[in-house]
Amino acid sequence: MQITIFGATGSVGHYLINEAQRRGDTVVAVSRHAHSKQSSGVSWQSFDYDSLDSIVKTLAGSDAAIISLGDYDVITPTQNIVAAMKVANLKRVEILTGFGTSSASRKQLGIGMRAVMTVMMPMLRTKEKQDQIIRNSGLIFTIVQPPTLTDGPATHAYRYGNYGHKSISGHIARADLAEFMITNLVEDRFKRESVYLQN
């Protein structure tokens, strides 16, 4: 499987690359700035996210895309990636947003946690807009919503999907997050829905 990873130099990016390589997948790693890293099975590319043609070319030959762009300056890049995917006829996308960043996903939370997230929404407005772009894209998406991310080795012991006591005060290791995201794409799970996960 070939996966294009947007935001490959971010805090989760290298974990995603490592996990994809571990599974034997090919990666097109994309960042805003030129990158000197070279490794087998990884093609590094850099470009301006405003260039639709560049994004389309980068997606050529890929089976799926991951968007992991951080918390700021994500709206226009996400819109352009979606537009480019349609031109490239690439349907499968996975996006890393934030815990409870849409009204649809908040329905999975208990009453108390929904109240907490409602209070926090002014701080999460950009991620909510990004969530809406993906939901309205017509693509086959998975929206991944972790709480606090931590470093350290993978534990392989995390909960996801329909589990109880989902909480923004929870945490998950970036390595576990990457394991879930790559596995989710390869096994084609959680299509057209959002999913929470935490240790």
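The values are calculated or read from the model by the stated rules, or taken from the named source; none is laboratory data. Here the structure is a predicted model, which means the values were calculated and not measured. Here the Cβ positions follow ideal geometry from the backbone for every residue, glycine too, while neighbour counts run over all protein chains shown. We work out accessible area using only protein heavy atoms, side chains counted, and drop any ligands, DNA or RNA first. Shrake-Rupley method; radii C 1.70, N 1.55, O 1.52, S 1.80 Å.
Among the residues making up segment 68-96, those that are in a loop (DSSP other than H, G, I, E, B) and under 14 Å from residue 5 (Cβ atoms) are 68, 69, 70, 90.
Out of 75, 67, 55, which single residue is touching a helix residue (DSSP H, G or I) at 6+ places or on another chain (Cβ under 8 Å) and surrounded by fewer than 16 Cβ atoms within 10 Å (Cβ to Cβ)?
On the way: 67 fails: surrounded by fewer than 16 Cβ atoms within 10 Å (Cβ to Cβ); 55 fails: surrounded by fewer than 16 Cβ atoms within 10 Å (Cβ to Cβ).
Answer to the check: 75.
For segment 34-52, the set of residues classified as open to solvent by 50 Å² or more (accessible area, probe 1.4 Å) and touching a residue at least 24 places away in the same chain (Cβ under 8 Å) consists of 35, 50, 52, listed by residue number. Could you grab me the full set of residues in segment 160-199 that are without any contact (Cβ under 8 Å) to a residue 60 or more places away in the chain, open to solvent by 30 Å² or more (accessible area, probe 1.4 Å) and at negative phi? If the condition is that a residue be without any contact (Cβ under 8 Å) to a residue 60 or more places away in the chain, open to solvent by 30 Å² or more (accessible area, probe 1.4 Å) and at negative phi, then 160, 162, 164, 169, 171, 187, 189, 191, 193, 199 are the ones that fit.
Answer yes if at least one residue in segment 89-96 is open to solvent by 40 Å² or more (accessible area, probe 1.4 Å), modelled with pLDDT under 95 and at negative phi, and no otherwise. Before the answer, list the steps.
So in segment 89-96, the residues open to solvent by 40 Å² or more (accessible area, probe 1.4 Å) come out as 89, 91.
Okay, now just the ones that are also modelled with pLDDT under 95, so none.
No: segment 89-96 contains no residue that is open to solvent by 40 Å² or more (accessible area, probe 1.4 Å), modelled with pLDDT under 95 and at negative phi.
Any residue at all in segment 7-14 that is more than 25 Å from residue 99 (Cβ to Cβ), open to solvent by 10 Å² or more (accessible area, probe 1.4 Å) and out of contact with any Gly (no Cβ under 8 Å at 6 or more places or on another chain)? Within segment 7-14, none of the residues are more than 25 Å from residue 99 (Cβ to Cβ), open to solvent by 10 Å² or more (accessible area, probe 1.4 Å) and out of contact with any Gly (no Cβ under 8 Å at 6 or more places or on another chain). Considering the conditions (1) within 18 Å of residue 67 (Cβ to Cβ); (2) at pLDDT 90 or above; (3) in contact with an Asp or Glu (Cβ under 9 Å, 6 or more places away or on another chain), residue 126 is excluded by exactly one of them, (2). Just to be sure before I move on: is residue 65 of a type in the set (A, V, I, L, M), part of a strand (DSSP E or B) and in contact (Cβ under 8 Å) with a residue 40 or more places away in the chain in the structure I sent? Answer is yes for this residue.
Whether any residue in segment 17-33 is surrounded by fewer than 16 Cβ atoms within 10 Å (Cβ to Cβ), hydrophobic (A, V, I, L, M, F, W, C) and in contact with a helix residue (DSSP H, G or I) (Cβ under 8 Å, 6 or more places away or on another chain) is what I want to check. No, the conditions are met nowhere in segment 17-33. Here the strands (runs of 3 or more DSSP E) wholly within segment 103-199 that include at least 3 residues being aliphatic (A, V, I, L, M) are 140-145.
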